[in-house]
Amino acid sequence: MDSILVTGNGPVNGEIPITGAKNACLTLMPATLLSDEPLTLTNAPRLSDIKTMTALLGSLGAEVQPLQGGKVLAMSSHNVESQRAEYDIVRKMRASILVLGPLLARFGYAEVSLPGGCAIGARPVDLHLKAFEAMGAELELKDGYVFARAPKGLRGGRVEFPFVSVGATENALMAATLAKGTTQLINAAREPEIVDLAQALRKMGAQIDGEGTDTITIQGVDRLGGATHQVVADRIEMGTYMLAPAIAGGSVELTNCSVDLIGAFIDKLAAAGVEVTPTENGVRVTRTADRVRAVDVITEPYPGFPTDLQAQFMAMMCTADGTSVLEEKIFENRFMHAPELLRMGAQIEVHGGTARVTGVPQLKGAPVMATDLRASVSLILAGLAAKGETLVNRVYHLDRGYEHVEEKLGAIGAKIERVTGS
């Protein structure tokens, strides 16, 4: 099993290109099931999760052909042979549930395994199912599978989410494009990935209004066509690498991205004393002081502070001047990186969904264990600011969401290498 070895060696400087968003691409790929015409995605990230979704779509009879080294995905669902998503694939990735809406909408029937557990919380799929019921679907849970039926097709309906759910919004949005009549999604998620999906679906012929707000209106159409769509930049990768100079010192430009994607995160960086400057093709981040200032954070649905950047921000707060309080409002069990940061000399007290972090002048390298995707990269970032070597184990989590992290950090002067296990 591979590990990442990081040796703290001072400031980082240079440029990092940002890839297409993992979470956007994983949503856009199932959209191919809505049409028998080709859907091509450009700016696709090359990640293990993308390979998993490729395998899932292939198991249904869809064709996914990676081009240009995987940066382009040419897809076609003209010959879908199965509406059953098997457990052996679905268990590997929760985003697999996103094939349910497209299959149900286009074919009137779907069997999809319930996703397995998740290290950062239960994340149930009940909101997805309630949305489909509001559109007239008949649902049955049996033997670990969702059996969904709409023999006469889905019909428009009012779907009011009791709380914001990105996945449920995406699934319902895709299903509603082929429903008869008008569907309203109330208290819908507002993330850039939702906007990106709506834009792609509109290119395919869908009639959608209101994406980016809390109410999305979809007028169902009889069929959708093909399209070519560029995947939006990955705001979480962007925020992660913005923290590299903030933690280690130096100045780094992130390209192929926009500051508009993570305004709340940038506000917190600025409050910590980090200089953030928009550039022609992205953003430049510079740490001018010896230490950043402690800043309190509460994770919230978009446009609030992203839960997917909480672990990385905590790594920065571990060396901040003062004490910060980080409150996790989205997922339970999302402070599992804290004990590993303690091994590096951090001072952190966790009480339920709140972590109190008192900054220390410098962390020290140590062997640590990655517990989930964002925790793994937070430990790598902490290693940039630590004295000595930090060995991050179980980095298969990392490969799910970060493309060539060693190359990107190495290009800005970080001393980092992958250690291949037996």
**Request:** Check R158 against each of (1) surrounded by fewer than 24 Cβ atoms within 10 Å (Cβ to Cβ); (2) touching a residue at least 40 places away in the same chain (Cβ under 8 Å) and name the one condition it does not meet.
**Result:** (2)
**Candidates G383, G345 - the one that is in a loop (DSSP other than H, G, I, E, B), modelled with pLDDT of 95 or more and within 19 Å of I247 (Cβ to Cβ)** = G345
**Fill in**
Out of (1) surrounded by 24 or more Cβ atoms within 10 Å (Cβ to Cβ); (2) over 30 Å from L73 (Cα atoms), the one I216 does not meet is (2)
**A366 vs. criteria in contact (Cβ under 8 Å) with a residue 12 or more places away in the chain, over 26 Å from the mean Cα position of the chain (by Cα) and buried (at least 17 other Cβ atoms within 10 Å of the Cβ)** = yes
**Request:** Run down A172, A188, A200 and say which single residue is in a loop (DSSP other than H, G, I, E, B) and in contact with a strand residue (DSSP E or B) (Cβ under 7 Å, 6 or more places away or on another chain).
**Result:** A188
**Message:** For region 321-358, which positions are crowded, with 21+ Cβ neighbours inside 10 Å and farther than 25 Å from M93 by Cα?
**Reply:** S324, L326, L341, M344, A346, A355, V357
**Fill in**
Note on region 393-422: residues of a type outside the set (D, E), closer than 19 Å to D49 by Cβ and not in a helix (DSSP H, G or I) are R394, V395, Y396, H397, G401, Y402, H404, R418
**Message:** Condition first: within 14 Å of V295 (Cα to Cα) and not hydrophobic (A, V, I, L, M, F, W, C). Now tell me which residues in region 320-353 satisfy that.
**Reply:** D321, G322, T323, S324, E327
**Fill in**
Among strands (runs of 3 or more DSSP E) completely within region 1-76, the ones holding 3 or more residues that are over 28 Å from I247 (Cβ atoms), assigned by TED's automatic domain parsing to the domain that holds I247 and of a type in the set (G, A, S) are none
**Asked** Counting only residues that are over 15 Å from I218 (Cα atoms), touching a helix residue (DSSP H, G or I) at 6+ places or on another chain (Cβ under 6 Å) and not in a loop (DSSP other than H, G, I, E, B), how many does region 119-143 have?
**Response** 3
**Request:** With the checklist (1) in contact with a Ser or Thr (Cβ under 8 Å, 6 or more places away or on another chain); (2) more than 26 Å from P151 (Cβ to Cβ); (3) modelled with pLDDT under 95 in hand, flag the one item G8 doesn't pass.
**Result:** (3)
**Asked** Going by the structure shown, is V146 assigned to a strand (DSSP E or B), buried (at least 17 other Cβ atoms within 10 Å of the Cβ) and at pLDDT 95 or above?
**Response** no
**Prompt:** Is it the case that A370 is farther than 21 Å from I412 by Cα and touching a Phe, Trp or Tyr at 6+ places or on another chain (Cβ under 9 Å)?
**Reply:** yes
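The values are calculated or read from the model by the stated rules, or taken from the named source; none is laboratory data. Just so we're clear, the structure is a prediction, and the values are computed from it rather than from any experiment. Cβ sites come from the backbone with ideal geometry, for glycine too, and all protein chains shown count toward neighbours.
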